[in-house]
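Student: Please find one structure pasted underneath; my questions will follow.
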Amino acid sequence: MAKRPSLATSPLAARLQPKANSASEPTPQNDGPAASSAQRDYKTAMMRINRVGWQELSFLSTTLDRPLEDLLVEASNDLLVKYGKSPVIERRQPGKV
């Protein structure tokens, strides 16, 4: 039986390799207070709320014409301020990891 080729030599492997940062590519902007020099690290938070609470949040999001994620980030920063912490929570930017 013939030996299978290595995945490292497949055409797909070349496309999955990270590209070297060339002079033509812009460098990431670090505009937030908690920005690291390499890249930002985002975590996902999940919670369960009752149906009425969800409906109210959805209605508020629609009424204010703002994404629900913006409202939750704002509320989380307000909670940090309430307990004497810096409001450092940022919303992830679309298209960025």
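Values in this text are rule-based calculations from the coordinates and carry no lab data. None of these values were measured; they are calculated from a predicted model. All Cβ positions, glycine included, derive from the backbone under ideal geometry; neighbour counts span all protein chains shown.
Student: Charges only on Cβ, +1 for Lys and Arg, -1 for Asp and Glu: so what's the dipole of region 51-97 about the Cα centre, in debye to the nearest 20?
Tutor: 180
Student: In nm, give the distance between the simple-model label positions of Arg92 and Met46, each being 7 Å from the Cα along the Cα-to-Cβ direction.
Tutor: 1.4
Student: Between Leu80 and Ser58, with labels modelled 7 Å along Cα→Cβ, what's the label distance in nm to one decimal, could you check?
Tutor: 2.9
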